[in-house]
Amino acid sequence: KEFSRCKNMHGLSTRLHFRFALKCYRRLQPLSFAIAASASARAVNTKTRESTREAGKPQASRIYLLSRHQPEVTTFPEALRALRAYSLSEIPETVEVSLKVDMTLKKNKVRDPFRGSILYPHSFGTERKLLFFAEESLAEEARMAGADLVGGEELIAKVQEGDLDFDFDVCLATPGIVDKLRPLQKKLRALMPATRRGTVVENIAEGVAQFKRSLEYKCDKHGYLNTPIGKLDFPDEHILVNLKTLLKAVATHRNHLLMTSFVKRAVLSSTYGPGFPFTIREFL
């Protein structure tokens, strides 16, 4: 009855309909098998124990086959409709995409894990707290741009001595002061401003605006990248534009490979919902 209600309300295809039923069935395999075995035992009281065991074999075989079922690949709009159908939370859930990328390089070498930050055209989530190291002449400009905490040599000393009582998500610096930050390498670690990460900025206003609202993405050494791209209450067009923006950023790490060869597969999911593999080739 619940499946029929979802199908009538959201127009889900029979294929996704079956996938949801199959997912529930696989999670309840131990319980459903025990109930079925108990019912069979009561129904065949007059039969021997051997015949009861034989009757249970086909059912165990069906469970084995269904557990090896591979989910079919769907389209992006249909995957979004399915996620909305399965959403039971009053708060809009976050839409996430998981990508599997090719980590091999020429001559059988493996590329290093990569990361980056991305500013979506349709932003979501809370703004990040920003620490900005700047010379005294540029400090006021950084404050006006929206940096949460700005300082120069006096701020460097506080961080080095561990006296800074401020939790921050991003650390930026101007090119003129970045050389003085070397003693903070062990303190800042991954937050250490660096040119290759884009956290050493010349245009202060643009840099602060980008990193305050941007999100980070990270690909591990196995080629798996998982990052949010929107909310379930967003229009499909907004989520699609954010997805294309993410793919454009990921494409900068592909080196010699074509984008169609770099991204192997993609799965769309939500905070509490299942994952739906979808065709990614049309967006590459």
Given a Förster distance of 45 Å, report the FRET efficiency between residue 206 and residue 106 from their Cβ-Cβ distance, rounded to the nearest 0.05.
0.80
Looks like the range 166-217, by Cα gyration tensor root eigenvalues a ≥ b ≥ c and the a/c under 1.5 rounded cutoff (else prolate when a/b is bigger than b/c, oblate otherwise), is oblate
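Please report, largest first and rounded to whole Å, the three semi-axes of the ellipsoid equivalent to the range 117-252, where each semi-axis is the square root of five times an eigenvalue of the C-alpha gyration tensor. Before the final figure, lay out each step's value.
On the way: eigenvalues 177, 56, 35 Å².
Semi-axis lengths for the range 117-252 are 30, 17, 13 Å.
Please compute the length gained on full extension between residue 194 and residue 90, using 0.36 nm multiplied by the number of residues separating them and subtracting their Cα-Cα distance. Each step should come with its number before you reach the end.
Values: separation 104, 0.36 × 104 = 37.44 nm, distance 4.08 nm.
Full extension from residue 194 to residue 90 adds 33.4 nm.
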Given H placed 1.01 Å from N in the peptide plane, which residues other than close sequence neighbours of residue 95 have an amide H under 5 Å from its amide H?
229, 230, 231, 232
Compute the label zone of residue 282 within the range 257-272: residues whose backbone N is under 12 Å from the point 7 Å along Cα-to-Cβ.
none
So what's Rg/Rh here for the range 76-169, counting alpha carbon atoms and using the Kirkwood radius for Rh?
1.15
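Can you tally the net charge around residue 213? Count Lys and Arg as +1, Asp and Glu as -1, for every other residue whose Cβ sits under 15 Å from the Cβ of residue 213. Mind dumping the intermediate values first?
On the way: positive: 128, 129, 212, 231; negative: 127, 148, 169, 206, 216.
Summing Lys/Arg as +1 and Asp/Glu as -1 gives -1.
Taking a ≥ b ≥ c as the square roots of the eigenvalues of the Cα gyration tensor of the range 99-142, is the shape rounded (a/c under 1.5), prolate (a/b larger than b/c) or oblate? Intermediate values should be presented prior to the final figure.
Numbers: a/c = 4.52, a/b = 1.93, b/c = 2.34.
Taking the square roots of the gyration eigenvalues as a ≥ b ≥ c, the range 99-142 is oblate.
Highest mean first, what order results for 250-256, 142-148 on Cβ atoms within 10 Å?
On the way: 250-256: 13.7, 142-148: 19.1.
So the peptides 250-256, 142-148, ranked by packing, come out 142-148, 250-256.
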How much of residue 120 can a 1.4 Å solvent probe reach, expressed as accessible area in Å² and rounded to 10?
10
Plugging the Cβ-Cβ distance of residue 137 and residue 185 into 1/(1 + (r/R0)^6) at R0 = 25 Å yields, to the nearest 0.05, a FRET efficiency of 0.50
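If eta is 0.890 mPa s and T is 25 °C, what Stokes-Einstein diffusion coefficient results for the range 189-284, Kirkwood Rh from Cα pairs, in µm²/s? List each step's numbers first, then the result.
On the way: Rh = 15.6 Å.
My calculation gives 157 µm²/s for D.
The values are calculated or read from the model by the stated rules, or taken from the named source; none is laboratory data. Quick caveat, the model's predicted, so the values are computed rather than measured. All Cβ positions, glycine included, derive from the backbone under ideal geometry; neighbour counts span all protein chains shown. Keep in mind that these areas ignore ligands, DNA and RNA; they rest on the heavy atoms of the full protein, side chains included. Shrake-Rupley method; radii C 1.70, N 1.55, O 1.52, S 1.80 Å.
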